[in-house]
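The values are calculated or read from the model by the stated rules, or taken from the named source; none is laboratory data. Everything numeric here is computed off the predicted structure, so don't read it as measured data. Note: ideal-geometry Cβ built from the backbone for every residue, glycine included; neighbour counts use all protein chains shown.
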Amino acid sequence: MIVTKQEIIEISKKVLHTTFQNSTVDSEMASNSPVVNGDVPLGAPYSPGVGGQSLSHEVTLEDTIQQMKVLIKENSDLKVALRRTNMSMKERFEGLTVWKEKQKDERDFLEGKLEEARERVNQLSKRNDQLWKKLQLQEASAKGGDQSFDSSEVELMKSVIKKLQAEKSDLVALNSELQLKAGMGSPGDSSSRS
């Protein structure tokens with residue numbers, strides 16, 4: 001804030017006018033009062049003059065300018081503190097925004113993985129059902145006297161079924177884990193993505 005000479009003169013006139021109106025402050029209160037918000041002592045409140053006459057309270061232009069400088073400095077310091085606080089708040093807001101976006105990305109990632117796992121589990125379940133039906137048909141036909149399948153084919157199908165069942169179990173466990181992670185939105189689980 002730039003203060004022109006004319007503004008200083010106008011403010012000084014107002015301060016002088018106010019000071020002269022309030023010059024009835026008794027000397028003890030004025031001499032013991034603390035300096036507050038840049039107040040500058042404006043001289044002795046009472047000084048005996050020549051011949052026992054008392055002089056009124058004197059305020060000089062220099063005192064007024066000094067007081068204004070102190071107030072301007074305080075104003076400047078407050079502006080600097082406000083800028084620092086605003087910068088700090090802005091940084092915190094930006095950090096929170098980044099964290100929120102990261103959480104959204106993580107949630108989208110987990111939901112995608114969860115959907116993939118569900119689809120894979122469904123595919124494996126269908127495949128498993130088909131193989132069980134095929135195995136049951138083969139076993140029924142083997143018992144019925146039709147030996148169109150040899151025992152090695154049956155054993156191979158059984159091993160494939162066991163493998164598929166194990167894979168299905170793993171996918172069900174992964175599905176459950178992904179559902180738990182997708183259900184949680186706390187800042188702590190952002191580092192647990194694998």
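When restricted to residues that are surrounded by 11 or more Cβ atoms within 10 Å (Cβ to Cβ) and more than 25 Å from residue 9 (Cβ to Cβ), the range 76-99 contains 1. Checking 158, 168, 162 one by one, the residue that is at pLDDT 80 or above and touching a Ser or Thr at 6+ places or on another chain (Cβ under 9 Å) is 168 and no other.
Results for (1) at pLDDT 85 or above; (2) touching a Gly at 6+ places or on another chain (Cβ under 9 Å); (3) loosely packed, with under 14 Cβ neighbours inside 10 Å, shown as yes or no for each residue.
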{"site": "38", "(1), (2), (3)": "no, no, no"}
{"site": "53", "(1), (2), (3)": "no, no, yes"}
{"site": "63", "(1), (2), (3)": "yes, yes, no"}
{"site": "74", "(1), (2), (3)": "yes, yes, yes"}
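What number goes with the only condition from (1) aliphatic (A, V, I, L, M); (2) at pLDDT below 90; (3) within 34 Å of the chain's Cα centre (by Cα) that residue 137 does not pass? Here residue 137 meets the rest and fails (3). Taking the criterion of being among the aromatic types (Phe, Trp, Tyr) and closer than 30 Å to residue 180 by Cβ, would at least one residue in the range 76-95 satisfy it? There is no residue in the range 76-95 that is among the aromatic types (Phe, Trp, Tyr) and closer than 30 Å to residue 180 by Cβ.
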